[in-house]
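What follows is a single structure, written as structure tokens, with notes after it.
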Amino acid sequence: MAQNEDYILEILLETALVTRSQIERARSERTGDETVVKALIREGIVTEEDVIRSLASHASMDFVDLNGLAVPPEVINQVPKEVAKRFNVIPVVETDTGLMIAVSNPLDFDTFDAMHAVLKRDIEFVCATPDAIRTAYRKYYASADEAADELDSALGHIEFSGEGGVGSAEGDTVDAPIIKMVTMMLIEAYNMRASDIHLEPLEKRFRVRFRIDGVLAEMQNPPKKLQSAIISRLKIMSGSMSIAEKRLPQDGRIQVKMGKKAIDLRVSSVPTVHGESIVMRILDKGALTLGLPQLGFLSDDQETFEKLIMLPDGILLVTGPTGSGKTTTLYACLNYINKPDKKLITVEDPVEYQMSGINQVQVNTEIGMTFPAALRSILRQAPNIIMIGEIRDAETANIAINASLTGHLVFSTLHTNDAPSAVARLVDIGVQPFLVSSATRAIVAQRLVRKICANCKQPSELSEAEMESLGIDFTQLSEASVSKGAGCDVCKHRGYKGRAGIFEMFLIDDEVRHMINNKSNTVELRKRAREMGMRTLREDGIRKVLSGMTTAEEVISASMGDEG
């Protein structure tokens, strides 16, 4: 079964419009090349409107009844007749900011992009049934002799069987299956909450994997013969990548809309022995609105962290390897303190999310806009709070530290394994110890662990090996809520849904400052931090295992090497 039909059927199951037995019966009773969805409609189990409403709801689009609307001529004239016919759309109403347009296919990203390109204005998309759009087209555009030549229904455009998903904005019937396949892959990845899409050319197959909650899962692989066409399609969608250049790495960006949701993908291509490997990172703008509890802080750590990010000056560093959630934590900090009475400026490479009320500066080394150059410029903008995407060199570090010593609060990240190691890292790249001690307020190390699915969460027990590995004794289990996920449709039978952080918070007090000035090593700093009550990553993870947030397996994996 084509992956797009699986996707439609899963939505119908989730909305309780059909049962698995009804699907299997419809599958066995199909006629000719009829799809399962069309068989369900023919048998009266669901209606065409049920299907379109469910898809629209899943894509966060509003559904409208066109039969009950009277669209004024001045609104109809906003969309030329040939455009309405080609893309199967009807303008509905002119809004304060643009135009509302009804589409019959809530999954057709290409139509959304084409409408923006053709009309060159803000558009809000809503959904209507194919019959309603056909009727509206005849009413407002088509003459009687054109009625027989009208557009196919949206369900026909979705093409539930074969290699497709969504119709071509270019109208090229040869390329349409590739366009549909790529579009459905993006939709599927987004709805499965994937953070990355990996397209990997191997010797005899073209592998597609999604990274979901930090773990790669192999998906249905396209035929190897379509490898070049799929990669070319993605390059075209990025708008900035050359389909002719296959020998050099390239970077690009794809921006699409699913109803009211904007999906932003950062695209990277690298030439390999068997073709170009593509990785697309899905930038989830929902992360911008995360509160501190959603990051995974327990109440006591959250209280401490809130105090840190409300300080008037100094540097707060977040450390950890790539993919440990550092940027998400910094964005959550900015979201928490973003108030009209403060000026916030960020320097990033690249700017991943655009935040309202914050001045964001994009690093561009090709034209000399480096981190140090950008920092020197923004200090003249009189900000209260500065966020630096990453401290990579001595020049950036020294400017950041000087900014913190002159009354600015600075947030940034470093690549170190634990919190105390960040001090040695700053000194290694060329910052004087007395500057590190004077400016740094706290260092927070973090990792990500998968959260147990709330829908299928159930009590569990720790094995002896897990207790030994985590250093847990039976007295700690008396009031614990150790849990695991049984696996359900909500979490795709993985037992986990979403991720949270485990944290190590190193607060810099006067004694630690004295130790840094005296060039104490990381072991000594870590010992002092432990005396001050710092919990290690593993100890914070243990608390979250005992509270039922995550599992022992996740914490052991995420905090390997942090037993001390």
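The values are calculated or read from the model by the stated rules, or taken from the named source; none is laboratory data. In this text, all values refer to a predicted model and were calculated from it rather than measured experimentally. Don't worry about glycine lacking a Cβ; one is built from the backbone with ideal geometry, like all the others, and counts go over all protein chains shown. Side chains included, ligands, DNA and RNA excluded: accessible areas come from the protein's heavy atoms. Shrake-Rupley method; radii C 1.70, N 1.55, O 1.52, S 1.80 Å.
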| task | Scan segment 348-363 residue by residue and report those that are open to solvent by 30 Å² or more (accessible area, probe 1.4 Å), touching a helix residue (DSSP H, G or I) at 6+ places or on another chain (Cβ under 9 Å) and either within 20 Å of SER404 (Cα to Cα) or at pLDDT 85 or above (or both). | result | ASN359, VAL361, GLN362
| task | Look at SER412 and say whether it is closer than 17 Å to VAL318 by Cβ, in contact with a helix residue (DSSP H, G or I) (Cβ under 7 Å, 6 or more places away or on another chain) and not in a helix (DSSP H, G or I). | result | yes
| message | Within segment 225-257, take every residue that is of a type in the set (Ser, Thr, Tyr) and more than 17 Å from HIS116 (Cα to Cα) and give me the one that is least open to solvent (accessible area, probe 1.4 Å). | response | SER232
| query | For LYS225, which of the numbered conditions (1) under 21 Å from the mean Cα position of the chain (by Cα); (2) more than 30 Å from VAL103 (Cα to Cα) fails to hold? | reply | (1)
| Any chance ILE452 is under 24 Å from VAL215 (Cα atoms), of a type in the set (Val, Ile, Thr) and touching a residue at least 24 places away in the same chain (Cβ under 8 Å) | yes
| When the residues of segment 54-76 are filtered to those that are under 17 Å from GLU124 (Cα atoms) and out of contact with any helix residue (DSSP H, G or I) (no Cβ under 9 Å at 6 or more places or on another chain), which remaining residue is surrounded by the fewest Cβ atoms within 10 Å (Cβ to Cβ)? | SER60
| Could you say whether any residue in segment 476-494 is part of a loop (DSSP other than H, G, I, E, B), touching an Asp or Glu at 6+ places or on another chain (Cβ under 7 Å) and of a type in the set (D, E, K, R)? | yes
| message | For segment 319-337, give me each residue that is among the β-branched types (Val, Ile, Thr), in contact (Cβ under 8 Å) with a residue 60 or more places away in the chain and either assigned to a helix (DSSP H, G or I) or surrounded by fewer than 22 Cβ atoms within 10 Å (Cβ to Cβ) (or both). | response | THR322, THR327, THR329
| request: Any chance you could count how many residues in segment 8-47 are surrounded by 13 or more Cβ atoms within 10 Å (Cβ to Cβ), in contact (Cβ under 8 Å) with a residue 24 or more places away in the chain and not in a helix (DSSP H, G or I)? | output: 6
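Does ILE52 satisfy being within 25 Å of ASP113 (Cα to Cα) and touching a residue at least 60 places away in the same chain (Cβ under 8 Å)?
Working: within 25 Å of ASP113 (Cα to Cα): yes; touching a residue at least 60 places away in the same chain (Cβ under 8 Å): yes.
Yes, satisfied.
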| request: Taking the options ILE391, ILE386, ILE345, name whichever one is in contact with a helix residue (DSSP H, G or I) (Cβ under 7 Å, 6 or more places away or on another chain) and either part of a loop (DSSP other than H, G, I, E, B) or at pLDDT below 90 (or both). | output: ILE391
| query | What are the residues in segment 490-545 that are closer than 13 Å to VAL449 by Cβ, basic (Lys, Arg) and under 26 Å from the mean Cα position of the chain (by Cα), if any? | reply | LYS497, ARG499, LYS544
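Give the residues of segment 462-486 that are loosely packed, with under 13 Cβ neighbours inside 10 Å and more than 18 Å from MET560 (Cβ to Cβ), sorted by residue number.
Within segment 462-486, GLU464, ASP473, PHE474, THR475, SER478, GLU479 qualify.
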| field | In segment 289-310, the residues that are open to solvent by 60 Å² or more (accessible area, probe 1.4 Å) and under 24 Å from ILE401 (Cα atoms) | value | LYS307, MET310
| request: Name the single residue, out of those in segment 376-408 being under 30 Å from LEU265 (Cα atoms) and of a type in the set (Ser, Thr, Tyr), that is surrounded by the fewest Cβ atoms within 10 Å (Cβ to Cβ). | output: SER377
| task | Being open to solvent by 10 Å² or more (accessible area, probe 1.4 Å) and within 13 Å of the chain's Cα centre (by Cα) is the filter; apply it to segment 201-219 and report the residue that is farthest from THR551 (Cα to Cα). | result | ARG211
| Complete set of residues in segment 180-200 that are hydroxyl-bearing (Ser, Thr, Tyr) and open to solvent by less than 10 Å² (accessible area, probe 1.4 Å) | THR183
| said: Here are the criteria: (1) assigned to a helix (DSSP H, G or I); (2) open to solvent by less than 50 Å² (accessible area, probe 1.4 Å); (3) in contact (Cβ under 8 Å) with a residue 24 or more places away in the chain; (4) aliphatic (A, V, I, L, M). Tell me which single one ALA373 does not satisfy. | reply: (3)
| field | Residue, farthest from THR396 (Cα to Cα), within segment 426-449, restricted to residues that are open to solvent by 40 Å² or more (accessible area, probe 1.4 Å) and in contact (Cβ under 8 Å) with a residue 40 or more places away in the chain | value | LEU448
| What residue, among those in segment 546-564 that are open to solvent by less than 10 Å² (accessible area, probe 1.4 Å), out of contact with any Pro (no Cβ under 9 Å at 6 or more places or on another chain) and part of a loop (DSSP other than H, G, I, E, B), is nearest to ARG450 (Cα to Cα)? | THR550
| task | Please enumerate the residues belonging to segment 498-522 that are assigned to a strand (DSSP E or B) and either modelled with pLDDT under 90 or open to solvent by less than 60 Å² (accessible area, probe 1.4 Å) (or both). | result | GLY498, ALA500, GLY501, ILE502, PHE503, GLU504, MET505, PHE506
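Give segment 523-544 a look and list any residue that's open to solvent by less than 40 Å² (accessible area, probe 1.4 Å) and assigned to a helix (DSSP H, G or I), or say none.
Scanning segment 523-544 gives LEU525, ALA529, LEU537, ARG538, ASP540, GLY541, ILE542, LYS544.
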| message | What's the number of the only condition in (1) among the aliphatic types (A, V, I, L, M); (2) in contact (Cβ under 8 Å) with a residue 40 or more places away in the chain; (3) open to solvent by 10 Å² or more (accessible area, probe 1.4 Å); (4) more than 17 Å from ASN191 (Cβ to Cβ) that VAL103 fails to meet? | response | (3)
| said: Can you say whether ILE472 is assigned to a helix (DSSP H, G or I) and modelled with pLDDT under 95, as far as the supplied structure shows? | reply: no
